[in-house]
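Chemist: The structure follows.
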Amino acid sequence: MTLLDIFSYGFMVRALIAGILIGLSGAFLGSFLVLKRFAMIGQGLAHVAFGAVAIGLLLGDQPLFIAMPIVVVVSILILKLSEKTSVHGDAAIGLAATVAMALGTLLASVDGGFQTELNSYLFGSILTVQQTDIWLSILLFGSVAGFGLMYYYDLFSMTYDPVFAEVSTIRVKRLNLILAIFTGMTVVIGIQLLGTILISSFIIFPTIIAMQFHQGFLKTLIIALSFALATVLAGIMTSFVYDLPTGSTIVLLNALIFGFTYSVKQLRGGLT
């Protein structure tokens, strides 16, 4: 089988398109979330998505359309909870994640008819990506890209100098709100491919890999996007050729690259 043969399969083309667009969206958002020390919101919202999908499966045949607004609302609540109360961001994420997982498990035990389908969302599947997911991925990527181009300098400012951003004309709370909404959308759309357990890797790994190169913010962002693109392409193709789980392959590939870049950085630091 050649690489051209892979593109003759419709489900592979759909998986590649959705994976690339979701990966790029996650890497862009992660560049700000990681540096703001709020990266675990992706993992928390992934757990929330599990509970939301359980509700969606209980109510109808389109669980993602039901899960999307639920996860977006919870992402906003997490942000508001961490801003206006004494509950820190990581604690707010933990509270939402544990409640959602408990709810999803409870619903699956009460109505076991969809338990098998719900479990498939834990790890994702390359075969479950449909045309609807392609359109959702295009909408997500276009919205994230437009948001990034329009507010790049404001996002940069509030990421690196939040004190200055707060006292300037930058609407920090509104930008944080939009970041939280886009993160929630990325998680919900991405669980078809990677599953709720692994989707946060799309947000975290590209940025921490790029940070090993010690470049300026813009170059770090470009490097993160480049690695997101490369690992999605390589991971999906490798998983198809060798019949491996797609999400796990992409995550482990990212882990290997991070381990290599981190080791090289440490080695160079020891020699200087």
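Chemist: Among 49, 97, 67, which is under 16 Å from the mean Cα position of the chain (by Cα), under 21 Å from residue 186 (Cβ atoms) and modelled with pLDDT under 85?
Modeler: Going through 49, 97, 67 in turn, just one is under 16 Å from the mean Cα position of the chain (by Cα), under 21 Å from residue 186 (Cβ atoms) and modelled with pLDDT under 85: 97.
Chemist: Which condition breaks for residue 142 when tested against (1) on the phi < 0 side of the Ramachandran plot; (2) surrounded by 14 or more Cβ atoms within 10 Å (Cβ to Cβ)?
Modeler: Of everything listed in (1) on the phi < 0 side of the Ramachandran plot; (2) surrounded by 14 or more Cβ atoms within 10 Å (Cβ to Cβ), residue 142 misses just condition (2).
Chemist: Follow-up question, since we're still on this one. Counting only residues that are under 16 Å from the mean Cα position of the chain (by Cα) and free of Cβ contacts under 8 Å to residues at least 60 places away in the same chain, which one in region 170-203 is farthest from residue 45 (Cα to Cα)?
Modeler: Once the filter is applied, the top-ranked residue is 178.
Chemist: Another question about this same structure. What number goes with the only condition from (1) buried (at least 19 other Cβ atoms within 10 Å of the Cβ); (2) farther than 30 Å from residue 119 by Cα; (3) not basic (Lys, Arg) that residue 261 does not pass?
Modeler: (1)
Chemist: Can you name the condition, by its number, that residue 31 falls short on among (1) touching a Leu at 6+ places or on another chain (Cβ under 8 Å); (2) hydroxyl-bearing (Ser, Thr, Tyr); (3) outside any helix (DSSP H, G or I)?
Modeler: That leaves (3) as the condition not met.
The values are calculated or read from the model by the stated rules, or taken from the named source; none is laboratory data. What you see is a predicted model, and the numbers here were worked out from it, not measured in a lab. Counting neighbours? That spans all protein chains shown, and the Cβs are built from the backbone with ideal geometry, glycine included.
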